[in-house]
Amino acid sequence: MKIAVLPGDGIGPEIVAQAVKVLDVLAKDGLKIELEYGDIGGAGYDAAGDPYPAATSKLAIDADAVLLGAVGGYRYDSLPRPMRPEQGLLRIRKELGLFANLRPAVLYPELASASSLKPEVVAGLDIMILRELTGDIYFGQPRGLRRTPDGEREGFDTMLYSESEIARIAHVGFGTAMKRGKRLCSVDKANVLETSVLWREVVMEVAKNYPEIELSHMYVDNAAMQLVRNPKQFDVILTGNMFGDILSDEASMLTGSIGMLPSASLDAHGKGLYEPIHGSAPDIAGQNIANPLATILSVAMMMRHTFGNEAAAARIENAVKKTLAEGLRTSDIHQEGMRKVGTREMGDAVAARL
Ligand code: NAD
């Protein structure tokens with residue numbers, strides 16, 4: 001397992017160091033794991049004058065999987081756009097062809113009161129949002145700003161999906177549902193948008209290859225409502241780039257704890273970039289208080305989705321559950337009566353339970 005490790009900025013290096021402790025335990029137990037470190041984001045700019053240095057690009061291309069912390073920081077906010085840390089992320093996603101973004105929203109029973117929804121609505125929540133990441137209105141051409149003949153300013157974008165783009169992400173969706181509860185809900189806006197009419201048609205065609213999966217369709221406005229009304233009705237949600245952008249943020253906040261949620265972005269061959277959904281949290285960087293669990297759970301996703309090692313994935317997830325069940329909490333998820341620990345202590349605790 002050749003893994004490129006890109007800690008990035010802010011709390012990135014602190015939380016990635018805890019995930020590496022978990023990888024070290026797996027390596028000691030016999031998995032052949034090879035780690036190589038690289039700079040990305042502000043760290044890339046500092047080291048090589050580029051948020052995605054050539055050396056990092058080579059590392060990422062050669063690796064089987066990438067583990068990323070987070071990028072961004074106040075110091076870089078005034079740089080010209082191509083030098084900004086976020087460009088490093090956009091470039092690595094594009095270069096590696098990462099079109100499938102998997103974001104689980106899981107609420108551990110111990111953390112049910114962290115959600116802004118009633119505990120009975122969210123306790124035990126376990127849904128997976130699959131968002132297409134490289135197409136749709138964010139990339140469609142033409143786009144731009146112009147003036148109408150009577151001089152008014154006008155902005156326009158193009159929502160566009162080809163059949164092959166839809167089929168590719170739909171296959172990932174059905175494959176994901178096969179490994180979970182075998183239910184897939186495809187979210188679109190087929191009552192209004194032509195792109196969505198094609199989306200729905202292609203998803204139904206792909207469904208013929210997966211007779212075991214129960215497929216349903218939902219309009220995006222209804223999906224947004226159902227996610228807060230009764231989120232546990234969903235298993236896997238499959239959707240396009242823009243709808244997925246919005247719904248995945250909504251779903252992640254159902255759990256109330258941004259420091260707990262991992263993500264995976266996959267290419268067509270299972271290679272993936274794994275990272276927590278949160279950013280570099282410059283407000284708490286360097287204080288040993290960031291929650292490393294999202295990053296540790298990203299390693300579990302890596303084991304499952306790139307290396308097909310379900311046993312290692314489940315082992316990591318169980319170690320996290322055990323640590324929470326024993327009452328250890330970083331300050332973002334801390335409650336009365338629990339034991340408050342720092343970033344390093346949390347990493348050590350999970351590694352020990354592993
Ligand atoms: P953020 O996710 O970094 O932080 C939002 C809030 O959540 C902050 O109060 C932070 O302290 C807290 N938080 C985040 N992760 C935490 C953790 N693991 N443990 C405890 N608390 C945590 O979002 P932001 O403040 O909007 O952005 C900060 C920087 O991160 C910006 O430069 C932004 O561009 C960048 N960013 C990067 C990514 C990424 O690398 N994928 C994603 C989002 C934002």
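Considering Asp245, Asp221, which residue is at pLDDT below 95 and farther than 14 Å from Gly175 by Cα?
On inspection, the qualifying residue turns out to be Asp245.
Among the residues of segment 106-123, are any outside the structural domain of Leu215 (by TED's automatic domain parsing), hydrophobic (A, V, I, L, M, F, W, C) and part of a strand (DSSP E or B)?
Yes: segment 106-123 contains one or more residues that are outside the structural domain of Leu215 (by TED's automatic domain parsing), hydrophobic (A, V, I, L, M, F, W, C) and part of a strand (DSSP E or B).
Among the residues of segment 72-85, are any among the small types (Gly, Ala, Ser), touching a Pro at 6+ places or on another chain (Cβ under 9 Å), under 21 Å from Met1 (Cα atoms) and surrounded by 14 or more Cβ atoms within 10 Å (Cβ to Cβ)?
Checked against the condition, which is being among the small types (Gly, Ala, Ser), touching a Pro at 6+ places or on another chain (Cβ under 9 Å), under 21 Å from Met1 (Cα atoms) and surrounded by 14 or more Cβ atoms within 10 Å (Cβ to Cβ), segment 72-85 yields no hits at all.
Return the only residue of Val203, Val228, Val187 being in the same structural domain as Ile127 (by TED's automatic domain parsing), out of contact with any Cys (no Cβ under 6 Å at 6 or more places or on another chain), more than 17 Å from Met128 (Cβ to Cβ) and not basic (Lys, Arg).
The match here is Val228.
Taking the condition of being over 25 Å from Gly272 (Cβ atoms) and exposed (fewer than 12 other Cβ atoms within 10 Å of the Cβ), how many residues in segment 148-185 meet it?
Matching residues across segment 148-185 total 9.
Identify the single condition in (1) of a type outside the set (Phe, Trp, Tyr); (2) surrounded by fewer than 19 Cβ atoms within 10 Å (Cβ to Cβ); (3) modelled with pLDDT under 95; (4) under 22 Å from Leu6 (Cβ atoms) that Arg304 does not satisfy, given that it satisfies every other one.
(2)
For segment 214-242, which residues satisfy the criterion of being closer than 23 Å to Ser113 by Cα and assigned to a helix (DSSP H, G or I)?
Correct list: Ala224, Met225, Gln226, Leu227, Val228, Arg229, Pro231, Lys232, Gln233.
When the residues of segment 243-296 are narrowed to those that are under 15 Å from the mean Cα position of the chain (by Cα), within 11 Å of the ligand (Cβ to nearest atom) and in a loop (DSSP other than H, G, I, E, B), which ends up surrounded by the most Cβ atoms within 10 Å (Cβ to Cβ)?
My answer is Pro292.
Might you let me know whether segment 329-344 holds any residue that is outside any helix (DSSP H, G or I), buried (at least 19 other Cβ atoms within 10 Å of the Cβ), more than 14 Å from the ligand (Cβ to nearest atom) and at negative phi?
For segment 329-344, residues outside any helix (DSSP H, G or I), buried (at least 19 other Cβ atoms within 10 Å of the Cβ), more than 14 Å from the ligand (Cβ to nearest atom) and at negative phi: absent.
The values are calculated or read from the model by the stated rules, or taken from the named source; none is laboratory data. Keep in mind that what you see is a predicted model, and the values were worked out from it rather than measured. Here Cβ is always computed from backbone atoms with ideal geometry, including for glycine, and neighbour counts include all displayed protein chains.
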